[in-house]
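Please read the structure below before turning to the comments.
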Protein chains: 6
Amino acid sequence: MRLLLINPNTTSSMTAAMAKAGASVLAQGTELLDATAQYGPESIEGYYDEAFSVPPILDIVAAWQSAVDGVVIGCFDDTGVDAARTLTDVPVIGICQAAMQAAATLAGSFSVVTTLGRAVPALEHLALRYGYERVCRRVRSCEVPVLELENDRGDASRRIRAQIQAALDEEGAEAIVLGCAGMANFAKVLSQEFEVPVIEGVTVALKWVESLACLGLKTSSRGGYAPPRTKRFQGQAL
Amino acid sequence: MRLLLINPNTTSSMTAAMAKAGASVLAQGTELLDATAQYGPESIEGYYDEAFSVPPILDIVAAWQSAVDGVVIGCFDDTGVDAARTLTDVPVIGICQAAMQAAATLAGSFSVVTTLGRAVPALEHLALRYGYERVCRRVRSCEVPVLELENDRGDASRRIRAQIQAALDEEGAEAIVLGCAGMANFAKVLSQEFEVPVIEGVTVALKWVESLACLGLKTSSRGGYAPPRTKRFQGQAL
Amino acid sequence: MRLLLINPNTTSSMTAAMAKAGASVLAQGTELLDATAQYGPESIEGYYDEAFSVPPILDIVAAWQSAVDGVVIGCFDDTGVDAARTLTDVPVIGICQAAMQAAATLAGSFSVVTTLGRAVPALEHLALRYGYERVCRRVRSCEVPVLELENDRGDASRRIRAQIQAALDEEGAEAIVLGCAGMANFAKVLSQEFEVPVIEGVTVALKWVESLACLGLKTSSRGGYAPPRTKRFQGQAL
Amino acid sequence: MRLLLINPNTTSSMTAAMAKAGASVLAQGTELLDATAQYGPESIEGYYDEAFSVPPILDIVAAWQSAVDGVVIGCFDDTGVDAARTLTDVPVIGICQAAMQAAATLAGSFSVVTTLGRAVPALEHLALRYGYERVCRRVRSCEVPVLELENDRGDASRRIRAQIQAALDEEGAEAIVLGCAGMANFAKVLSQEFEVPVIEGVTVALKWVESLACLGLKTSSRGGYAPPRTKRFQGQAL
Amino acid sequence: MRLLLINPNTTSSMTAAMAKAGASVLAQGTELLDATAQYGPESIEGYYDEAFSVPPILDIVAAWQSAVDGVVIGCFDDTGVDAARTLTDVPVIGICQAAMQAAATLAGSFSVVTTLGRAVPALEHLALRYGYERVCRRVRSCEVPVLELENDRGDASRRIRAQIQAALDEEGAEAIVLGCAGMANFAKVLSQEFEVPVIEGVTVALKWVESLACLGLKTSSRGGYAPPRTKRFQGQAL
Amino acid sequence: MRLLLINPNTTSSMTAAMAKAGASVLAQGTELLDATAQYGPESIEGYYDEAFSVPPILDIVAAWQSAVDGVVIGCFDDTGVDAARTLTDVPVIGICQAAMQAAATLAGSFSVVTTLGRAVPALEHLALRYGYERVCRRVRSCEVPVLELENDRGDASRRIRAQIQAALDEEGAEAIVLGCAGMANFAKVLSQEFEVPVIEGVTVALKWVESLACLGLKTSSRGGYAPPRTKRFQGQAL
């Protein structure tokens, strides 16, 4: 089996970190391809950055769709997931949906800790659309930009810790979801420290899509995920 | 006052038709600029097309934002509205939100009639996000592609009529919202024929944004609509 | 075009203040009529007062409905709006619905600041009915009675300010809706002071109904807004 | 114990029928007072009629509140219930809320069968406000005006039967709520005929309020049901 | 009339206390039977205990169903209520649903104060299922185990008081529901002290089921409450 | 890794069929234990049967919890899942939640096809609790008892087909979830026949729990899933 992990921003060190985390958990015999957006923003923080990250995702999906058995989009905004599902019948999942589904099986409620306040409303929309508007008690931001997570000397993790503590104390959250691909490395240690599940989506999404692919399940081609109609595109379209 | 009407697809005849409809309803002294996406799909029918239409919208908004008092995005998927709101503090509205708000003031319930079935889920998500998941009784499709609406010889309108009749009979809808910018010309005659409000969003959105601008109201810059952070973009980004 | 602004309480100074604010924003050629309830309470603060303010509204609508192109009911409880819509086919809007719709186009979330705690549940019901139970983060009260807003020497505005600050800090509201017709004059200055949209409904409702009327849109006469059946009324009925 | 049953329309034969039904179910020692609106419409069918029926209800509540232990408002629109609760600390209940609560304890879902289509949206709002937007599967109308229920020669009951059958077949409703005080007499026979609970609200509301009063429970005076503030009323106010 | 009050835990002193409270409020001529679970946990605090308390409830219902006119299950988790309703056509109610319905007729909002934090999620699910996810503002725990309520020397009531005060201050609750059968004795005095309705479910449920039975209302046998199919049970089943 | 698959009914042929399906999809190195309820009903069809199937589940979980890395409960009612999660910190999942989560990643909407109408309300409650009350368009029943699925000679599959076709035609479902462990064998062929994802939960749940266990994720022990308190149980308790 071959899975494709797409980093929708252009920062290849983030791709490498995600791929490394992913490779360590996949089954023997599962090959992991990774791809980095060839254009667009270096990080995705809110509506504006999201908008520019979708076409490069679709370029990658279009190029690889016939060669892979499943796709993970490695941004917590689940950017481009719906569009990508129209291009292929293999399972496609975003790390937000995967992490929230895992959290909902491990705990009765959870809070999300993401990077910046500007990203919060988009994540609240995802929680609503995925049906977690009640189980997801709050989306919190630690006010650390995405790229500062990479070389954290302690400040980022201190700010994340403060939000986790607040989520446990104020909302009584039973689990924590880390709301950024760049936070993946923090999950294990925070989980031990706070003695609650602290879930990051990259590895969860990869295992989930590996499972769905293993079962031969396909993305529906009825309704919203029907293949795109043939039509004229001008400029940089596919 | 100067308003900007953006057609996010590349079909300039649709821009012209929308601009003509808009020009006839704006107040004396309101100037209407129109702009057509410079790249991307010729029509927007579902998730995939949407994805490619957002960057050209943002190009236009970035170029004009200091010169206009309000922006309307002329696609019923409200494509790019959130991202556009981060680029300017003038009011920005999509024709779906505008039409649904109008319908909710004129009737106790409504159904949407859009083009293709593949577009329905995206519109259901908008209804949910805008709070109309109860008042919007159903999103129906007439299975007429967007560009076939332009030169209708009767088949398109016959199919739209059939869905309107079904919405009145089956859901008891008290009003109808036409779910495509290309249907704007049908609204008046259908309204008279069926004796219920049949609402198209282009003119409603233009009058609504003109009103908000006239009142000096601005888009919030707190939270999700905060201006984009400065960062590196590769490729065709702004 | 001729619009009718109804003050459902009997305090004519409030009518005058609302009409003055309204007159300054309407288009050239739009005439504004105003009417004050001829009987009922001097201010509307909660369920009891509301009940007595509806019949005088309907008297006014019945008298004027054939002579106007749109109606605004100038009480944030949207008192009598549903009943008024059965009496006329011109657009009728309440200032709560109008303000919330504006807020939902300018910001991702908002909180309401109203007068007294006893008015809060009725406004929460409106937020739910209008679909804003998620986007409206909280309805707050500043504990200033309606009529004390008229001659504020600073205490009222200080109390309103405190609630706005709390809404920004505690709920992360991206905009504020002022929940009383008597607060209209505070909107501009508070908007500048807090650097978020602070929205009052009287002018928004007037521009919105002017827009709908300009577009020839009518209130539905199907279902809930069908004209009243002819029947015997005893006592002060129409 | 003394209970007050208010008929908010002016048709005293309906009051008598409700009082007769009520008297047959109350406990020994419970006295039932009944009162008919002294002004307003002869029947309540939709938003307009509702508006005129609230002040006469409040007149009655104000006159009797110190002399009774509980109040039932005998109109399925639960007209005036909120306002009445501000005037007294004894329990006040409407027949819609009572019937829906009973249905929700006897069945997993129910549909409402009411009189006219124009009354449906108001009942849908009540279902939402009371939390039954899921359990109440549909509000149906049989298109029989209220006053024609009184002297039914078979047509009304035939139309009600047809709607009940449709509710069982189409929505799989597990119980039926009769959505008009005038339908009370039909409940028993329809219940036997269709072998599902067919619930009418008048007797349920009386027993429920008798129970709450027996337990010494009072209406809250915090928040929305705080007693009205003293203020000037013009005209026919209290 | 004969009612059956079931204590689903094995602590017979709790049964006696509930029966005593119930006996004091029922109508003359209503006989109250009580039954204690013959096996299972001594108190019910969360999902695990709940699971073991349902079979003994069903044993009791099966034994008595033809001899009683209504059943109350005296645990705030409404344990076994759905299953019990399949075994009999007399009304069956749990004390949570009864108390919440009473609260919703006496106040615009309420908070629940229950025993332990582990019980909170199950009660939140009940609030959602019963439609009170908006009106029930919060489920709070005072961290007093069920059996410590029986011989309170002041600590339990002090902790309950603290949560009530917080509910009034923080959520603006208009009423309080006591979330444990063992708290029944506290209701009256707390109601007087805090001057809001403080509702306990045992007496409410008994009066409610007495009322429903008096009206001849039956549990539906359509859908979810259809009688169990005949099938083989191994081990301790009926 | 070692997973435990529990069949909560006493029919061991169903256990064998589920275990066989599961064994074929698990990773090399994953051992699958299976266990059949030692007492209780031979099949689970509705609230009553559910009640008796939970204690035997908990017996099995208690016996095995220290020896396994994950638990799947093989009944579509997700019977006992909450209670089981309090007994162990390894991931525990029911086949309904797993199947619905898979469906929500593969399609924009789905309908469930289950066995008997009496099981429908319990599944609607699960859909609501899991947040799929919008995405799950309808829960349908084919009126085939569980145990008749085992030796189907065509009638069962014909009835299931009819419901799938209706779900596609009437609700526009984009995927189908088979709502009974006994339907697992039908999934592949129906998926091919109808050209939409037809999902059964047993294999999905096993792969999902294998994934969560592989990632080292644990069930939360905060709040609702805290370990049971030590207390006296009478009779057959643990």
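Here, each number is a calculation from the coordinates, and none is a lab measurement. Please read all numbers here as calculations on a predicted model, not as lab measurements. FYI the Cβ positions are ideal-geometry reconstructions off the backbone, even for glycines, and counts take in every protein chain you see.
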Worksheet entry | Acute angle (nearest 10 degrees) that the helix C:120-129 long axis makes with the longest principal axis of chain C, alpha-carbon atoms | 70
Practice prompt. Fewest Cβ neighbours within 10 Å first, please rank D:ILE95, C:ILE93 accordingly.
Written response: C:ILE93, D:ILE95
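Mean separation of Cα pairs under 8 Å and 6+ residues apart, divided by the residue count of segment C:1-138: what relative contact order is that in percent?
Reported as a whole number, the value is 23 percent.
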Worksheet item: Which whole-number percentage describes the relative contact order of chain B, with Cα contacts under 8 Å and a sequence gap of 6 or more?
Response: 23
Practice prompt. Would you kindly work out, in nm and rounded to one decimal, the distances from the label point of B:SER24 to those of the same position in each other copy, ordered shortest first, with label points 7 Å along Cα-to-Cβ?
Written response: 3.5, 6.4, 6.4, 6.6, 7.6
Worksheet entry | Inter-centroid distance (Cα atoms) of segment A:136-190 relative to segment A:30-98, Å | 23
Discussion item. Out of the GluC sites (Glu not before Pro) in segment A:17-59, which ones are loop residues according to DSSP with at most 11 other C-beta atoms within 10 Å?
Written reply: none
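Diagonalise the Cα gyration tensor of the protein assembly as shown and give the resulting equivalent ellipsoid semi-axes, square root of 5 times each eigenvalue, largest first, whole Å.
44, 44, 29
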Item to complete: Give me the orientation-averaged projected area of the Cα convex hull of segment B:174-219, in nm², one decimal.
Response: 4.0
Response to the item:
Inter-copy distances for F:MET1, nm, shortest first, label points 7 Å along Cα→Cβ, are 1.0, 5.7, 6.0, 6.0, 6.4
Practice prompt. Out of all DSSP beta bridges with both ends in the protein assembly as shown, state the antiparallel percent to the nearest 5.
Written response: 10
Fill in: Test item: Cα-centred dipole of the protein assembly as shown, Lys/Arg +1 and Asp/Glu -1 on Cβ, debye
0
Practice prompt. Report relative contact order for segment D:96-201 in percent, whole number only (criteria: Cα-Cα under 8 Å, sequence separation at least 6).
Written response: 34
Response to the item:
Longest principal axis of chain D (C-alpha) makes with the long axis of helix D:201-214 (C-alpha) an angle, in degrees to the nearest 10, of 40
Worksheet entry | Paired Rg and Dmax values of segment D:96-201, which use every Cα atom, in angstrom | 12.2, 36
Worksheet entry | Residues whose placed amide H lies under 5 Å from that of F:ARG138, excluding near-sequence neighbours | F:VAL112
Item to complete: For chain D, find the longest principal axis of its Cα atoms and tell me its angle to the long axis of helix D:95-106, 0 to 90°, nearest 10.
Response: 50
Item to complete: Please order C:SER53, A:SER141 by the number of other Cβ within 10 Å, starting at the fewest.
Response: A:SER141, C:SER53
Worksheet, complete the sentence: One residue of chain E has its C-beta nearest the axis rotating E onto B; that residue and its distance in whole Å are E:ARG134, 7
Worksheet item: If you count the DSSP beta bridges with both ends in chain B, what percent of them are antiparallel, to the nearest 5?
Response: 0
Fill in: Sites E:GLN28 and C:PHE233, calculated FRET efficiency, Cβ-Cβ separation with R0 51 Å, nearest 0.05
0.70
Worksheet item: If we count other beta carbons within 10 Å of each Cβ, what is the order of B:THR230, B:THR79, fewest first?
Response: B:THR230, B:THR79
Worksheet entry | Ellipticity estimate at 222 nm from DSSP helix runs (n ≥ 4, -39,500 (n - 2.57)) divided over chain A, nearest 500 | -12500 deg cm²/dmol
Worksheet item: Rg and Dmax of chain A, Cα atoms, in Å?
Response: 17.1, 54
